[in-house]
Amino acid sequence: MLAALRKGIGGWFAKIFIGLLVLSFAVWGVADIFGGYGRRSVATVGETEIPYELFQRGLRNQMSALGARLGRALTLEEARTLGLDRQVLFTLIQQAALENQGTALNLGISDKAIAERIVREPNFKGVSGEFSPTVFQQLLQANGMTEEMYVSQQRQAYVRQQLTDTLTSAVDLPKTFVRAADIYRNEMRTVKYFQLPMDKIEAIGEPTAQALQDYYESKKSTYTDPEFRKIGVLAVVPDDVAKTIAVSDDDLKRYYEGRQGDYSSPEKRHVLQISFPDKVEAEEAYKKIESGSSSYEDIAKERGLSDDDLKLGLVTRTDLADKAIVEAAFTLAKDAVSQPVAGELSTVLLKVSEIEPATVTSFEDAKEGIRKQLAKERSLEQVLDLHNKIEDERANGTPLAEIAKSISVKYMTTDAIDRNGRGPGGQTLETLPGQAQILREAFNTEVNVETDPVETQDQGLIWYEVLDIIPQKLKTFEQVREVVAKDWRAAEERSQLASLSQKLVDRARKGEKLDEIASDLDLEVKQSEPFKRSAKSDDLPAAAMAQAFALSESGYGSASTEDGKTRVVFEVVAIDQPQTLGAEASDALENSFARQVAEDFLVQYVTGLSDVFGVIRNQPLIDELTGAAPSGTALPRRGLF
């Protein structure tokens, strides 16, 4: 089915069918769809097995949907990182749990009711507006489905719908809840505040040796070098290979001549048309235009035509089916009106309001782009040839460095790099092709273990090997003494600043005015604009704004800025609650929350069903299908993956 969808994605069959399946798995049954397939299950819920084909299809659909939004294809590794595989499996487990519960409750739907629903489906109607068996079968056939499969899907979907509708259709929230939610969202708070800088604390003395030693002992992880690895890489990527491929001028010309339609654009004209029931009326209108007593637009208005009614659009010769109209429209001068043209359906007066001349990209202008295109296409073949050569050499025990030299490909190494791409000095290293992916693989591989090449998004291949592992190592106190002293001082300053701000808050709580406290310190008091919980501010740290909503009016608090070098001492000076919502706005908010509550009910219900029926996951198969098998294990390439 997916292959058919991909093949026909631009066709109306696929577009209609995608509309039917718009809610992802909404109409996919689990138990009965794959009766004719080999049943390797990714999970079992109660007695219901979830076939791997269904999991593959769901994951591929999710990857395609997200890839379309990103403008590029997603790799399986990216899908795993984003959790798409877990989302798909969770959805399928939910469906299977609902189907088990439906069976336990003897829920079902009759064949007659199923048939009535299918007959009422708008996408299955023909030109007469009635259900068309031909359209129905064409849609199924175009998407690789049988009538039995589709009916089975619908039957399972309707059983699930009976359960979910029962849970989600009767949520009634009290008005007090809606009012509280509105207050939470829209309540405004205003604060007065001053910023307490680090220079207001007492000077920090010199630390004792014991104080530094204690700080070092409490922060050992901070002073531990991460694990580093020495990695060797041989990369064969299409862009690099393409640079070595020579393309003859004869090949360029043959490509250009065989695809001239790609390098030319036909003449286009913006054509207007007024239709008449007969030639006599058309000639009378034409005479008025010729004499100047009426314009083309006047004639159109007389006939009750709007501007949009006139337009045939910006068209080429092949866009118009009526040959007589084509010849007349494409011989008119710009803004000229044709004499009456006897078309196949009516007599018309034509006018051309815009002309876009035909364009042709010359061979000379196109050949450099063609050269790159052909070189890139041929590079993919060479990548495969090089893959075979490299694998043959590896089978003979030849080191990657020697293989690279023999095929004139650069072999790259990095002496010490951590899993985040940094060197021993903390500097960011950008020395390896496909570095992020290679590091993820290499840090799960041991020294001298032969690994499979990593496939890049442009269909290239990267071979890598771990040449050495440098274990993480705690730096000695003497090695980092100066750094420890600097860190200790910064921590002490932050601690003292926090202590001072708390003392100031305590003074305010005992009755001193914020302005007086700030004046004693020669600091400026400011007042914020009213803000909501969701607001952000350049002057107020997020922690202070959050605290403000936990305090009552005239409450005091303090919070650190993100860099820890300043603290804000503040007072809540105003709390403004939103006005009571009108009936319409209150109903809209209630409906919004009701949907969320209903969804929460549904998730809890289905999760409970999963616990009741029991879920067994086939994790090795899931890992195999998503490319998460252990490094060095050859993954069987099955189906879509």
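In segment 312-344, how many are surrounded by fewer than 15 Cβ atoms within 10 Å (Cβ to Cβ), of a type outside the set (Gly, Ala, Ser) and either assigned to a strand (DSSP E or B) or in contact (Cβ under 8 Å) with a residue 60 or more places away in the chain (or both)?
The qualifying residues number 1.
Whether any residue in segment 181-190 is in a helix (DSSP H, G or I) and without any contact (Cβ under 8 Å) to a residue 40 or more places away in the chain is what I want to check.
no
State all residues of segment 112-138 that are without any contact (Cβ under 8 Å) to a residue 24 or more places away in the chain, part of a helix (DSSP H, G or I) and not aliphatic (A, V, I, L, M); if no residue qualifies, say none.
Those that are without any contact (Cβ under 8 Å) to a residue 24 or more places away in the chain, part of a helix (DSSP H, G or I) and not aliphatic (A, V, I, L, M): LYS112, GLU116, ARG120, PRO122, PHE124, PRO133, THR134, PHE136, GLN137.
Would you check if ILE245 is at pLDDT 90 or above and surrounded by 15 or more Cβ atoms within 10 Å (Cβ to Cβ)?
For ILE245, the condition - at pLDDT 90 or above and surrounded by 15 or more Cβ atoms within 10 Å (Cβ to Cβ) - is not met.
If I filter segment 547-584 down to residues being in contact (Cβ under 8 Å) with a residue 24 or more places away in the chain and of a type in the set (Gly, Ala, Ser), which single residue comes out as farthest from ARG185 (Cα to Cα)?
Among residues in segment 547-584 that are in contact (Cβ under 8 Å) with a residue 24 or more places away in the chain and of a type in the set (Gly, Ala, Ser), the one farthest from ARG185 (Cα to Cα) is GLY564.
Out of curiosity, is TYR216 closer than 30 Å to LEU474 by Cβ, in the same structural domain as ASP520 (by TED's automatic domain parsing) and surrounded by 14 or more Cβ atoms within 10 Å (Cβ to Cβ)?
yes
Looking at ALA598, ALA594 in this structure, which one is over 30 Å from GLU529 (Cα atoms) and within 27 Å of the chain's Cα centre (by Cα)?
So the residue among ALA598, ALA594 that is over 30 Å from GLU529 (Cα atoms) and within 27 Å of the chain's Cα centre (by Cα) is ALA598.
One residue is enough: does segment 438-452 have a residue meeting the conditions part of a strand (DSSP E or B), modelled with pLDDT under 90 and either surrounded by 16 or more Cβ atoms within 10 Å (Cβ to Cβ) or of a type in the set (A, V, I, L, M) (or both)?
no
Quick check: anything in segment 265-287 assigned to a loop (DSSP other than H, G, I, E, B) and more than 52 Å from the chain's Cα centre (by Cα)?
There is at least one residue in segment 265-287 that is assigned to a loop (DSSP other than H, G, I, E, B) and more than 52 Å from the chain's Cα centre (by Cα).
Among what's in segment 541-578 and is among the polar types (S, T, N, Q) and either outside the structural domain of ALA498 (by TED's automatic domain parsing) or in contact with a helix residue (DSSP H, G or I) (Cβ under 6 Å, 6 or more places away or on another chain) (or both), pick the residue that is modelled with the highest pLDDT.
SER558
Residues LYS486, LYS473, LYS513: which one is more than 24 Å from ILE204 (Cβ to Cβ) and exposed (fewer than 13 other Cβ atoms within 10 Å of the Cβ)?
Going through LYS486, LYS473, LYS513 in turn, the sole match is LYS473.
Scan segment 384-436 residue by residue and report those that are in contact (Cβ under 8 Å) with a residue 24 or more places away in the chain and assigned to a helix (DSSP H, G or I).
Selection gives LEU386, HIS387, ILE390, ARG394, LEU400, ALA401, ILE403, ALA404.
Is there a residue being closer than 25 Å to GLU77 by Cα and either buried (at least 17 other Cβ atoms within 10 Å of the Cβ) or of a type in the set (Phe, Trp, Tyr) (or both) anywhere in segment 418-427?
Yes, that holds for at least one residue.
Looking for something among the aromatic types (Phe, Trp, Tyr) and either closer than 30 Å to LEU523 by Cα or exposed (fewer than 15 other Cβ atoms within 10 Å of the Cβ) (or both) - is there at least one such residue anywhere in segment 168-178?
yes
Considering (1) in contact with a helix residue (DSSP H, G or I) (Cβ under 7 Å, 6 or more places away or on another chain); (2) exposed (fewer than 14 other Cβ atoms within 10 Å of the Cβ); (3) within 30 Å of THR44 (Cβ to Cβ), say which one SER110 fails and leave the rest.
SER110 satisfies every listed condition except (1).
Taking segment 260-306 on its own, how many of its residues are touching a Lys or Arg at 6+ places or on another chain (Cβ under 7 Å) and among the small types (Gly, Ala, Ser)?
Residues that pass the stated criteria total 1.
The values are calculated or read from the model by the stated rules, or taken from the named source; none is laboratory data. Computed from a predicted structure; not experimentally measured. Because the Cβ atoms are built from the backbone with ideal geometry, glycine has one as well, and the counts that use them run over all protein chains shown.
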